[in-house]
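The values are calculated or read from the model by the stated rules, or taken from the named source; none is laboratory data. Owing to the predicted nature of the structure, the values given are computational and were not obtained by experimental measurement. Glycine gets a Cβ as well: all are built from the backbone with ideal geometry, and neighbour counts include every protein chain shown. Accessible surface is based on the protein model in full, side chains and every heavy atom, while ligands, DNA and RNA are left aside. Shrake-Rupley method; radii C 1.70, N 1.55, O 1.52, S 1.80 Å.
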Amino acid sequence: MSTEDPRAAGLAALAGLIADRTRAACLLALLDGRAWTAGELARHAGVAPSTLSEHLDRLVAGGLLVQERQGRHRYVRLAGARVAELVEDLAARVPPGEARRPPRGLREASAGAALARGRTCYDHLAGRLGITVTDALTERGLLRQDTGFALTEAGLEWFGAAGMPLDPSGRRPLARACLDWTERRPHLAGAAGAALCRRALEAGWCVRVGGGRAVRITPVGEQALSGLLGIPSGALR
């Protein structure tokens, strides 16, 4: 009599969806939190549109992506925060030697440096910028990391006072640790991380660099985060 866990088949199928370089490249690109056209993803992955379409069909059928059509264009995005967390967590566990191969030219080196300085990880801040903000929240007693990530009462009050009210009764965890694949340390994710990232982009504290995930701090952002968290301006660049 078989005693196989009934989830085994589903887990194997999920792993098979991700275990392809083209599909993995698409999932990583979509961590910027935006919807991409099939053509944009095909160019990004370096494959023919017809080939990419087959991969997207599998990812949509497997529940990792959702799609919508506008005219002739097919747009896809990650199916939600849980999918983004899965992809980012797996990417963070890639051995450093494989994740940090020598860049192919100055353009790729510049893009890699920009991602390491600051980027969006689906809907929260990552890179050195995300780590610096996370450390500042912890040092001021607003976030605990000793027994897993958790906002303190002071942290909840801080988010509300800073114009980012949080609902503790929501389905999404207020705070979650997300392992940063460039810094190899956890940064703040969850509802609090998403609220902070959204405020940073809407208020002009951060702006996107090019069309990818990279973001950079602005003078307005340096002043705001210095006042809110006491972060020295130079530490955010």
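Data overview
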item	result
Looking only at region 11-35, and only at residues there that are of a type in the set (Gly, Ala, Ser) and within 23 Å of the chain's Cα centre (by Cα), the one that is modelled with the lowest pLDDT	33
Subset tally (residues that are under 25 Å from residue 11 (Cα atoms) and in contact (Cβ under 8 Å) with a residue 12 or more places away in the chain) for region 52-79	16
Residues of region 131-143 satisfying the condition of being free of Cβ contacts under 8 Å to residues at least 60 places away in the same chain and either under 16 Å from residue 205 (Cα atoms) or surrounded by 17 or more Cβ atoms within 10 Å (Cβ to Cβ) (or both)	131, 134, 135, 138, 142, 143
Matching residues in region 67-90 - criterion: being crowded, with 17+ Cβ neighbours inside 10 Å and more than 22 Å from the chain's Cα centre (by Cα)	74
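Quick grid of which residues meet (1) open to solvent by less than 30 Å² (accessible area, probe 1.4 Å); (2) over 18 Å from the mean Cα position of the chain (by Cα); (3) within 16 Å of residue 83 (Cα to Cα); (4) of a type in the set (S, T, N, Q):
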position: 9; (1), (2), (3), (4): no, yes, no, no
position: 37; (1), (2), (3), (4): yes, yes, no, yes
position: 40; (1), (2), (3), (4): no, yes, no, no
position: 59; (1), (2), (3), (4): yes, yes, yes, no
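Per-residue answers, yes or no, for (1) hydroxyl-bearing (Ser, Thr, Tyr); (2) farther than 22 Å from residue 93 by Cα; (3) out of contact with any His (no Cβ under 6 Å at 6 or more places or on another chain):
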position	(1), (2), (3)
119	no, no, yes
134	yes, no, no
144	no, yes, yes
165	no, yes, yes
182	yes, no, yes
202	no, yes, yes
218	yes, yes, yes
